[in-house]
Amino acid sequence: TLFRSIRDYLRLTARAQIIYVVSVILFIILLVTTVLSETPAFFKVVACLLNVIFIPIHVLVANIFTSWYFAHHKSLIRKRAREKVAHHIGLKIIVIAGSYGKTTVKNYTFQLLKYAYQTQMIPGNINTS
């Protein structure tokens with residue numbers, strides 16, 4: 001329809017996009033090496049079909065290959081956050097966790113505290129880690 005919200009569309013995270021690209025590269029490398037190998041045509045066809053069947057394995061291997069990068073990136077973000085928080089003496093941080101209702105509790109908490117304290121709230125909700 002004309003008035004669809006942004007939540008109606010699937011958006012891949014940067015991590016999912018990188019894993020997708022790496023898994024496609026793995027798939028192509030295996031496909032090309034299979035086609036260029038010196039094996040009979042029957043075995044090439046079987047190997048190509050197996051390559052297609054094992055696409056989830058390509059995604060798993062791509063995730064393993066890229067996990068070090070994402071772990072390093074996450075540690076840098078946490079380090080920068082710790083440094084920023086350390087500069088604010090007396091800063092209080094409220095963390096809300098649970099299965100559901102977090103955004104509602106966040107909004108209520110903000111409304112209750114905004115008159116007594118200088119507050120800041122993340123807009124919307126962030127459902128990815």
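Quick notes
- Calculated FRET value between residue 15 and residue 37, using beta carbons and R₀ = 25 Å, to 0.05: 0.15
- Taking the accessible area of the chain, probe 1.4 Å, and keeping the other protein chains in place, the carbon and sulfur fraction comes to 68%.
- Positive-end residue of 9, 22, 33, charge dipole of the chain with Cβ unit charges: 9
- Potential lengthening between residue 125 and residue 64 on full extension [0.36 nm per residue; Cα-Cα distance subtracted]: 19.1 nm
- Around the Cα centre of the chain, unit charges on the Cβ atoms of Lys, Arg, Asp and Glu (plus for the first two, minus for the last two) sum to a dipole of about 780 debye.
- Computed from backbone phi, the HN-Hα couplings of region 64-70 come to 5, 4, 9, 4, 4, 5, 5 Hz, rounded to whole numbers (Karplus: 6.51 cos²θ - 1.76 cosθ + 1.60, θ = phi - 60°; Gly and Pro given as x).
- Over all pairs of different C-alpha atoms in region 82-129, the reciprocal of the mean inverse distance, the Kirkwood hydrodynamic radius, equals 12.4 Å.
- Pair-distance distribution P(r) for the chain, from all Cα-Cα distances in 5 Å bins starting at 0: 2, 8, 11, 11, 12, 12, 10, 9, 7, 6, 4, 4, 2, 1, 1, 0 percent.
The values are calculated or read from the model by the stated rules, or taken from the named source; none is laboratory data. Everything numeric here is computed off the predicted structure, so don't read it as measured data. So basically every Cβ, Gly included, is an ideal-geometry build from the backbone, and we count neighbours across all protein chains shown. When the accessible area is computed, the model is the full protein with side chains, heavy atoms only, and any ligands, DNA or RNA have been set aside. Shrake-Rupley method; radii C 1.70, N 1.55, O 1.52, S 1.80 Å.
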